[in-house]
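Below: one structure, written as structure tokens.
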């Protein structure tokens, strides 16, 4: 303890209180916190330092950041990859509440790095089977009637069929899903502005990134709920999510929601680009590969308690996330007895179409080893399958669209671990 | 009286106008028309049948030189892989327990190879190769896979004519396929 500590030194304490009085009278400008109280002073009967002196100035952060005590809540970036130009990072799902993913923690999957696009220099070209090919600036696009909707976005390899055994945390396993409120213009509105010709069947979207990412979107989806998005959770898109303009195809595999959008080519046929032939196709045990497997089927995961956490016997709220590319989540069932029985979890409102849905189930752990798991049911009646049921049909090499139930094994010590490991 | 009737008629006309605009062809007048030159400069999409392949040609020998200087550092000197993916081999493995998916074993259409290399490779300098170099290096990658001879020269017509081994390997999406 220093000589100046008011608790240890009565005269320092008197000086400190006098300063407090001065601060209260509005004389002291920008008071710095003393910051050397003992940790337990924040618990009763103590009064913590942060109560006894004004905090940081208003506007001391012009773009607010999380508390410094939350600095460990970050994207889950894989270590030791051969390169990071075409790679992914995951949302720390087990650290988050609610259904919206903070923009700074939204998952990433880029194929040619993250471009640094000047919005005033960016252009969108709409061409192909349209009456009037168009060049649009960002200002033009923001003039169209706008719409905001909450939808999840999920990479189709979330996780791969081998990776499901290696992951330790909920983020390792299914952290390539995030959810946001998206604002933009309906793709249908922009296509109508150019005037679709009757032969139009597909729209090939291309990014302005170094991968010039190219995916073909069926015209039905373009004219249904597809958006061209410029804002996410109220602010402009982040560079990692496609700033200044991206496609958003609710419920479809994330790769199709082309980021950094610069071109829409209206065609009769898909492009059959590398990303819809060599990649994002699902290899079956007989050697054929399923193509144009767009929709992300219903899935769920318990985020608490989850892998690498440790629990004590007694009360716990089991909570997690469920979602379906086919619409709304109808229900989530949770098993706390290694899959023998399943109970209905409560769904947190709002339950939105093609959005993350939060579920909860109160539970008292008796201290016996067990396995807990969740399975989602969507509004079409589809039930999230077990890994066994899924792989009995698709084998182990289809890589994409693994939506199997994720079990968490709880040891007598309370340690929670991947039930597949 | 008369003024009120005119206002009501104008209101009805406005409503009809809005309805028509939402329904069909009425434009909002946003953006400007693109010229054919602008479209041609940006449109690099190649179809699977190769009808949109550009003029130019390149030989396996030229492609070997391009590959060694611009691709081998990541893909290995014979396309065996490194920081970049393996590009060669794996034919006959797709139905096995350890399938190897490469240009030779998995890609269904040769024109897609031209499309992808032109738009995205080399990873560190995409869209830096001229069309003839793209033909040449595509020819070399196909040659490494045993799909064109050592003395081949590829152009729009001959690249489009190559039948890839896995051309018929793709099926449509049958999901939902897993029943509880």
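Could you list all residues from the stretch A:213-238 that are part of a helix (DSSP H, G or I) and within 20 Å of residue A:136 (Cβ to Cβ)?
Once the filter is applied, which keeps residues that are part of a helix (DSSP H, G or I) and within 20 Å of residue A:136 (Cβ to Cβ), the stretch A:213-238 yields A:219, A:222, A:223.
Return the total of residues in the stretch B:155-180 being assigned to a helix (DSSP H, G or I) and surrounded by 15 or more Cβ atoms within 10 Å (Cβ to Cβ). Please lay out each step first, then the result.
Taking the stretch B:155-180 first, the residues assigned to a helix (DSSP H, G or I) are B:156-160.
Then drop every residue that is not surrounded by 15 or more Cβ atoms within 10 Å (Cβ to Cβ), which leaves B:156, B:158-160.
Result for the stretch B:155-180: 4.
For the stretch A:339-359, state whether one or more residues are over 25 Å from the mean Cα position of the chain (by Cα), touching a residue at least 60 places away in the same chain (Cβ under 8 Å), surrounded by fewer than 17 Cβ atoms within 10 Å (Cβ to Cβ) and not assigned by TED's automatic domain parsing to the domain that holds residue A:256. I'd like the intermediate steps shown before the answer.
Taking the stretch A:339-359 and keeping what is over 25 Å from the mean Cα position of the chain (by Cα), we get A:339-343.
From what is left, the residues that are touching a residue at least 60 places away in the same chain (Cβ under 8 Å) are A:339.
So of that shortlist, the ones also surrounded by fewer than 17 Cβ atoms within 10 Å (Cβ to Cβ) come out as A:339.
Subset that is not assigned by TED's automatic domain parsing to the domain that holds residue A:256: A:339.
The answer is yes; a qualifying residue exists.
Can you tell me how many residues in the stretch A:259-271 are within 8 Å of chain B (Cβ to nearest Cβ), surrounded by fewer than 22 Cβ atoms within 10 Å (Cβ to Cβ) and part of a loop (DSSP other than H, G, I, E, B)?
Residues in the stretch A:259-271 being within 8 Å of chain B (Cβ to nearest Cβ), surrounded by fewer than 22 Cβ atoms within 10 Å (Cβ to Cβ) and part of a loop (DSSP other than H, G, I, E, B): 1 in total.
Answer yes if at least one residue in the stretch B:83-96 is more than 30 Å from residue A:395 (Cβ to Cβ), part of a loop (DSSP other than H, G, I, E, B) and touching a residue at least 40 places away in the same chain (Cβ under 8 Å), and no otherwise.
Filtering the stretch B:83-96 for residues more than 30 Å from residue A:395 (Cβ to Cβ) gives none.
No, every residue in the stretch B:83-96 fails to be more than 30 Å from residue A:395 (Cβ to Cβ), part of a loop (DSSP other than H, G, I, E, B) and touching a residue at least 40 places away in the same chain (Cβ under 8 Å).
Could you run through the stretch B:97-124 and say how many residues are touching a residue at least 12 places away in the same chain (Cβ under 8 Å) and not in a helix (DSSP H, G or I)?
Of the residues in the stretch B:97-124, 12 are touching a residue at least 12 places away in the same chain (Cβ under 8 Å) and not in a helix (DSSP H, G or I).
Please go through the stretch A:272-284 and pick out each residue that is part of a helix (DSSP H, G or I), touching a helix residue (DSSP H, G or I) at 6+ places or on another chain (Cβ under 7 Å) and more than 7 Å from chain B (Cβ to nearest Cβ).
Step one: of the stretch A:272-284, the residues part of a helix (DSSP H, G or I) are A:274-276.
Subsequent filtering for residues that are touching a helix residue (DSSP H, G or I) at 6+ places or on another chain (Cβ under 7 Å) retains A:274-275.
Scanning the stretch A:272-284 gives a single hit, A:275.
Go through the stretch A:56-85 and report how many residues are exposed (fewer than 10 other Cβ atoms within 10 Å of the Cβ) and assigned to a loop (DSSP other than H, G, I, E, B).
Filtering the stretch A:56-85 for residues exposed (fewer than 10 other Cβ atoms within 10 Å of the Cβ) gives A:58-65, A:67-69, A:71-72, A:79-80.
In the following step, the residues that additionally are assigned to a loop (DSSP other than H, G, I, E, B) were identified as A:58-65, A:67, A:71-72, A:79-80.
Of the residues in the stretch A:56-85, 13 are exposed (fewer than 10 other Cβ atoms within 10 Å of the Cβ) and assigned to a loop (DSSP other than H, G, I, E, B).
Just checking, which of A:325, A:331 is in the same structural domain as residue A:406 (by TED's automatic domain parsing) and either over 22 Å from the mean Cα position of the chain (by Cα) or crowded, with 21+ Cβ neighbours inside 10 Å (or both)? If you could, list the steps in order and put the result at the bottom.
Values: A:331 fails: either over 22 Å from the mean Cα position of the chain (by Cα) or crowded, with 21+ Cβ neighbours inside 10 Å (or both).
Exactly one residue qualifies, and that residue is A:325.
Collect the residues in the stretch B:142-154 that are surrounded by 18 or more Cβ atoms within 10 Å (Cβ to Cβ) and outside any loop (DSSP other than H, G, I, E, B), keeping them in residue-number order.
Start the filter on the stretch B:142-154 by keeping residues that are surrounded by 18 or more Cβ atoms within 10 Å (Cβ to Cβ), which leaves B:142-145, B:147-148, B:152, B:154.
Within the stretch B:142-154, B:142, B:143, B:144, B:154 meet the criteria.
Return the residues of the stretch B:71-82 that are within 20 Å of residue B:112 (Cβ to Cβ) and assigned to a loop (DSSP other than H, G, I, E, B); say none if nothing qualifies. It would help to see each step written out before you state the result.
If we filter the stretch B:71-82 for residues that are within 20 Å of residue B:112 (Cβ to Cβ), which is where we start, we get B:71, B:74-75, B:79, B:81.
Result: B:71, B:79, B:81.
Please find, among A:196, A:237, the residue that is at pLDDT 95 or above and within 14 Å of another protein chain (Cβ to nearest Cβ).
On the way: A:237 fails: within 14 Å of another protein chain (Cβ to nearest Cβ).
Going through A:196, A:237 in turn, the sole match is A:196.
Please tell me if residue A:287 is within 14 Å of another protein chain (Cβ to nearest Cβ), closer than 30 Å to residue A:216 by Cα and in a loop (DSSP other than H, G, I, E, B).
On the way: within 14 Å of another protein chain (Cβ to nearest Cβ): yes; closer than 30 Å to residue A:216 by Cα: yes; in a loop (DSSP other than H, G, I, E, B): yes.
Answer is yes for this residue.
Go through the stretch B:19-70 and report how many residues are farther than 24 Å from residue A:268 by Cβ, within 14 Å of another protein chain (Cβ to nearest Cβ), modelled with pLDDT of 95 or more and in a loop (DSSP other than H, G, I, E, B).
Qualifying residue count for the region: 3.
The values are calculated or read from the model by the stated rules, or taken from the named source; none is laboratory data. None of these values were measured; they are calculated from a predicted model. As a convention, Cβ positions derive from the backbone with ideal geometry for all residues, glycine included, and neighbour counts pool all protein chains shown.
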